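Below: the structure, in structure tokens.
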Amino acid sequence: MLMHLLLKSLLVPEAGIALLWLLLRRWWPQAAGQLAVSLLFISCLPVTAWLMTQSLSIPVPKVYPAVPIVVLGGGRQPALDEMAGEDGTSLDTLERLRFAALLERTLQTPLIVSGGRVMQEKDSEAQLMRQSLIRDFRISAAKILLEGSSRNTWENAQRVAAMLRPGSQIILVTSALHMRRALADFRRVGLQPVPVGVGAYHGPPWKSLWVFPSIGASTVVSSAWMEWMGLLIQGH
């Protein structure tokens, strides 16, 4: 798993641009520097972030069937000071849980939270998600089912499929950027997921700001790039 995380860190756009600069600077030092700066600038633009997210976009349904809701973990925040050093769910995961809780109140169907331990932490992501649903969103513990052994999206799909009847329809909740890859994996294990991607990027409210670099756009570009690398590696 440590090697997986190291390889993943090398796939972020900034690392790729740095490696490209190192490779080219020996023969074309000036051009290599200009190319690296240009690519870094482009990767920080809201218009770039919007174009990359559109390439991963999956439409959200207007009507939701009364079927089990599956929420995928999106990471954790370790050793939070405000929680006496305990781990908490990431902001990405909280965004997913917020909409899943709204769906549960509307549909009154089982809610499955999926996510394990990546680095042998005390609590699985599923346990942290369950705690958040109960504490922050007032969801009854009896309505929450845990899948706490998966370490990636493919294992999410496999473990959740083992909890349900073959061919079951589910509502799949994850981030909008992650949805295309998650959808492919859940279909591969024989489930029929209804995709609900949350937190879609829409860019600044004023179009004139779309060509000005921003930290938010840079973060979205990095996430979208990682999703495309994941799709290419998995052959989706």
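Once you keep just the Cα pairs under 8 angstrom separated by 6 or more residues, what percentage relative contact order results for the chain? Worked out over the chain, it gives 26 percent. Sequence-ordered 3J(HN,Hα) estimates for the stretch 219-224 from the Karplus curve with 6.51, -1.76 and 1.60 and θ = phi - 60° stand at 5, 5, 4, 4, 5, 5 Hz, glycine and proline given as x. Counting every pair of alpha carbons in the stretch 164-236, the share spaced more than 20 Å apart comes to 44 percent. Positive-end ranking of VAL37, TYR201, ILE170 along the dipole of the chain, with charges on Cβ about the Cα centre, is headed by ILE170.
Taking amide H as placed 1.01 Å from N in the peptide plane, the amide H of THR89 sits under 5 Å from that of GLN77, each at least 5 places away or on another chain. Listed by Cβ neighbour count within 10 Å, with the fewest neighbours leading, ASP81, ASP87, ASP185 appear as ASP81, ASP87, ASP185. Phi angles of the stretch 44-51 translate, via the Karplus equation with coefficients 6.51, -1.76, 1.60 and θ = phi - 60°, into HN-Hα couplings of 9, 8, x, 5, 5, 4, 5, 4 Hz per residue; Gly and Pro are given as x.
Shape analysis of the stretch 69-198 places it in the prolate category; the axes a ≥ b ≥ c from the Cα gyration tensor give an a/c of at least 1.5, with a/b above b/c. Note that the stretch 208-215 has calculated 3J(HN,Hα) couplings of 5, 7, 5, 10, 10, x, 8, 5 Hz, one per residue in order, obtained from phi through the Karplus relation 6.51 cos²θ - 1.76 cosθ + 1.60 (θ = phi - 60°); glycine and proline are x. Near the amide H of ILE112, within less than 5 Å, lie the amide hydrogens of ILE69, VAL70, VAL71, LEU145, all on another chain or at least 5 residues away, with H placed in the peptide plane.
For the chain, take N as its residue count and report Rg(C-alpha) divided by 2.2 N^0.38 Å. Walk me through the numbers on the way to the answer.
Working: Rg = 19.5 Å, N = 236, 2.2 N^0.38 = 17.5 Å.
The chain yields a ratio of 1.11.
Our summary of shape: the Cα atoms of the stretch 133-173 have principal axis extents of 30, 22, 16 Å, ordered from largest down, in whole angstrom.
Mind sorting ARG117, ARG130 by how few other Cβ atoms lie within 10 Å of their own Cβ, fewest first?
On the way: ARG117 18, ARG130 22.
Exposure proxy ranking, most exposed first: ARG117, ARG130.
Bear in mind that the values in this text are calculations on the coordinates, not laboratory data. Only a predicted model underlies this, so the values are computations on that prediction, with no experimental measurement involved. Methodologically, a virtual Cβ is constructed for each residue, glycine included, from the backbone with ideal geometry; neighbour enumeration extends over all protein chains shown.
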